[in-house]
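One structure is given below, encoded as structure tokens.
The values are calculated or read from the model by the stated rules, or taken from the named source; none is laboratory data. Keep in mind the model is a prediction, meaning the values are calculated, not measured. No Cβ is skipped: glycine too gets one built from the backbone with ideal geometry, and neighbour counts run over all protein chains shown.
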Amino acid sequence: MTDLYTRTPSQIVMYATEYCSDCHRAKAFFEANHIEYLRVGLEGNEQATEFVMNVSNGYRSVPTIIFPDGSILVEPGWKNCRKNLKDIIKKKQASMEREGIIPL
């Protein structure tokens, strides 16, 4: 993916660290709702760290989640993720139901 460090990536990008509990919760949210995303770790990645600091007013806040429509969530909770992803979740759930899979 060539547009990792842009405010309008071609897919959802989550900038995270291994030790961040909020990052683990965001990952669990995406997986529970069968939403594809790309995780970019900040550890040892100066370009990712600089990008996150740029979009979060100078803070190294994680998770920072960038959406293709240009919206950004910084350190979101489950409720904020659900609100921001409502349309994606609805489409994914409808697709799963058509396939006979019961979504969470």
Worksheet item: Would it be correct to say that HIS24 is in contact with a helix residue (DSSP H, G or I) (Cβ under 9 Å, 6 or more places away or on another chain) and closer than 26 Å to LYS86 by Cβ?
Response: no
Worksheet item: Restricting attention to region 90-104, does a residue exist that is at pLDDT below 70 and within 16 Å of ALA26 (Cα to Cα)?
Response: yes
Discussion item. Take ALA28 and tell me if it is of a type in the set (Gly, Ala, Ser) and surrounded by 18 or more Cβ atoms within 10 Å (Cβ to Cβ).
Written reply: no
Worksheet item: When you go through (1) within 18 Å of ASP3 (Cβ to Cβ); (2) among the hydroxyl-bearing types (Ser, Thr, Tyr); (3) modelled with pLDDT of 90 or more one by one for SER71, which number turns out not to apply?
Response: (3)
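Only residues that are of a type in the set (D, E, K, R) and in a loop (DSSP other than H, G, I, E, B): list them for region 50-79, please.
Taking region 50-79 as the starting set, the residues that turn out to be of a type in the set (D, E, K, R) are 50, 60, 69, 75, 79.
Result: ARG60, ASP69, GLU75.
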Item to complete: Please verify whether region 1-21 includes one or more residues that are within 19 Å of SER56 (Cα to Cα), part of a helix (DSSP H, G or I) and in contact with an Asp or Glu (Cβ under 8 Å, 6 or more places away or on another chain).
Response: no
Worksheet, complete the sentence: Of the residues in region 4-55, those that are touching a strand residue (DSSP E or B) at 6+ places or on another chain (Cβ under 7 Å) and of a type in the set (Gly, Ala, Ser) come to ALA16, ALA26, GLY41, ALA48
Discussion item. Being farther than 30 Å from GLU97 by Cβ, in contact (Cβ under 8 Å) with a residue 24 or more places away in the chain and crowded, with 19+ Cβ neighbours inside 10 Å is true for just one of VAL13, VAL55, VAL62. Which residue is that?
Written reply: VAL62
